[in-house]
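What follows is calculated from the coordinates using simple rules that are stated; it is not laboratory data. Note that the structure is a prediction, hence the values are computed from the model and not measured. Every residue, glycine among them, receives a Cβ derived from its backbone with ideal geometry; neighbour counts consider all protein chains shown.
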Amino acid sequence: MKKITIAAAAAVIAVAVTAYASPYYTLHQIKTALAERNADALAAHVDFPALRASVKTQLEASMARSIEATAGSGNPLAALGQSIASAMLGKMVDTMVSPAGVVALVNKSAVSPQAEPNPDAPADGARKKADYSAGYAGLNTFIVRAKDGNAQEGALVLLRHGVWGWKLSSIEIASAMAAR
């Protein structure tokens, strides 16, 4: 009887530990997919409908603030401009935040051929290690925040899908970028 109780307790602890560590493993898989430029593996860890909705909402709010600041609340053409821009923004986000968009972004370089090489970059092509913090923000929410010096800007939000599954479901756009 004592052996069964110990085995059951060990099994419960093993399940709890693996469930707790699962978002860290998913984050590792996402980083590996990016490093290997494997768009299919990356797409498997993204909840595209939720991500699209998140990006649209944030960009539309940023655009509305920008239009209001530029045109003012009394301008009758501001609402027309905002509705046209919102429709265009929706189409752009739908195209970019899709499996095909992820494939294009991962398989193609984001740097244009005319870009100047960075003189501070290491000559051997090594990249600076990303500095970020990651942790739970609730039982079903895991947040990865990029660090920029002492300030933290932007975040990736992973939501639980099942016991061990996690998917990128939202991107919190950095405040500096959203203010533009």
Among 42-53, 76-87, how do they line up by average Cβ neighbours within 10 Å per residue, starting with the highest? 42-53, 76-87
Between Met1 and Gln29, take the C-beta separation as r, use R0 = 30 Å, and let me know the FRET efficiency to the nearest 0.05. 0.15
Given R₀ = 25 Å, FRET efficiency for Thr57-Ala78 by Cβ-Cβ distance, to 0.05? 0.80
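Quote the FRET efficiency, to the nearest 0.05, computed for Ala11 versus Tyr136 with a Förster distance R0 of 30 Å and r equal to the Cβ-Cβ distance.
Working: r = 23 Å, r/R0 = 0.76.
Efficiency, from the Cβ-Cβ distance: 0.85.
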Among Gln82, Val15, Ala43 the positive-end extreme of the charge dipole of the range 1-90 (Cβ point charges): Val15
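Over the range 1-75, what number does the Rg to Rh ratio reach, with both radii from the alpha-carbon atoms and Rh per Kirkwood?
Working: Rg = 23.0 Å, Rh = 16.9 Å.
Reported Rg/Rh (Cα atoms, Kirkwood Rh): 1.36.
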